[in-house]
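A short worksheet on the structure shown next.
The values are calculated or read from the model by the stated rules, or taken from the named source; none is laboratory data. What you see is a predicted model; the values in this text were computed from it and never measured. Counting neighbours? That spans all protein chains shown, and the Cβs are built from the backbone with ideal geometry, glycine included. When the accessible area is computed, the model is the full protein with side chains, heavy atoms only, and any ligands, DNA or RNA have been set aside. Shrake-Rupley method; radii C 1.70, N 1.55, O 1.52, S 1.80 Å.
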Amino acid sequence: MQNNLFRPDWQTESIISKLSLNDICNRDLKGLLIDVDHTLLTRDESIVHESVREWIESAKSYFKLHLISNNPSYKRVNSVAKQLNVGFSYKALKPRKSSLLEIVKLFKLKNHEVAMIGDRIFTDILAGNRAGMYTILVKGIGINGSLHRNNFNQHIESMIAKSLGA
Ligand SMILES: [Mg+2]
């Protein structure tokens, strides 16, 4: 586990669909918990872009997958999960770790064998680190599966985290 809870184990410079599955496999991970809004699609979109759907489909060959969203809308998160045909948790209350640990248990894996992937430090990364999981920070996704143009929130959080010693 990280000694600084705001520091991701792996700070990537790419959106999720550009992450190399090989690079994830090399980290000895068996399960992935994935944030939804701004990690898989923007909040304004309802359809997951093909590039992201394909990445998730390939990832299924190597990992157990589950979506973990703080979004309070069952309808929204269910709709995304259905398109990807994966399990999901909504209203997850990240940075609390309880919803993450529930799924690790369901996966029958050890905490360190599961990664939390998300675009936000103060929710996704903090929750994953608290749970003793591997944490992967991805860039926020823009419309149509592109890289979001400024990633302003992540930039601000990153500066605050650094000032806290991350
Ligand atoms: Mg997010």
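The distance linking the stretch 91-166 with the stretch 26-41 is 9 Å (Cα centroid to Cα centroid, whole angstrom).
Rounded to the nearest 5, the antiparallel percentage of DSSP beta bridges internal to the stretch 10-163 is 5%. For the pair Ser163 and Tyr62, what calculated FRET efficiency results from E = 1/(1 + (r/R0)^6), where r is the Cβ-Cβ distance and R0 = 22 Å, to the nearest 0.05? Efficiency for this residue pair is about 0.05. Per residue, the average separation of C-alpha pairs within less than 8 Å and at least 6 apart gives the stretch 10-163 a relative contact order of 30 percent. The heavy atoms of Ser99 present about 10 square angstrom of accessible area, all protein chains included, probe 1.4 Å.
Can you pull a Stokes-Einstein diffusion coefficient for the stretch 13-86 at 10 °C (1.306 mPa s), Rh from Kirkwood over Cα pairs, as a whole number of µm²/s? In µm²/s, the coefficient rounds to 125. Here the stretch 80-166 yields Rg over Rh of 1.00, to two decimals, using C-alpha coordinates and the Kirkwood radius. The count of lysine pairs in the stretch 75-166 that are at least 8 places apart or cross chains, and whose C-alpha atoms lie under 20 Å apart, stands at 11. Largest to smallest in accessible area, the residues Asp9, Asp124 fall in the order Asp9, Asp124 (1.4 Å probe, all protein chains included).
When you work out D = kT/(6 pi eta Rh) for the chain at 20 °C and 1.002 mPa s, using the Kirkwood radius from C-alpha pairs as Rh and the Stokes-Einstein form, the result is 138 µm²/s. Accessible surface of Lys97, taken over heavy atoms with a 1.4 Å probe and every protein chain present, rounds to 90 Å².
The charge dipole of the chain, taken about the Cα centre with unit charges on the Cβ atoms of Lys, Arg (+1) and Asp, Glu (-1), comes to about 520 debye, rounded to the nearest 20.
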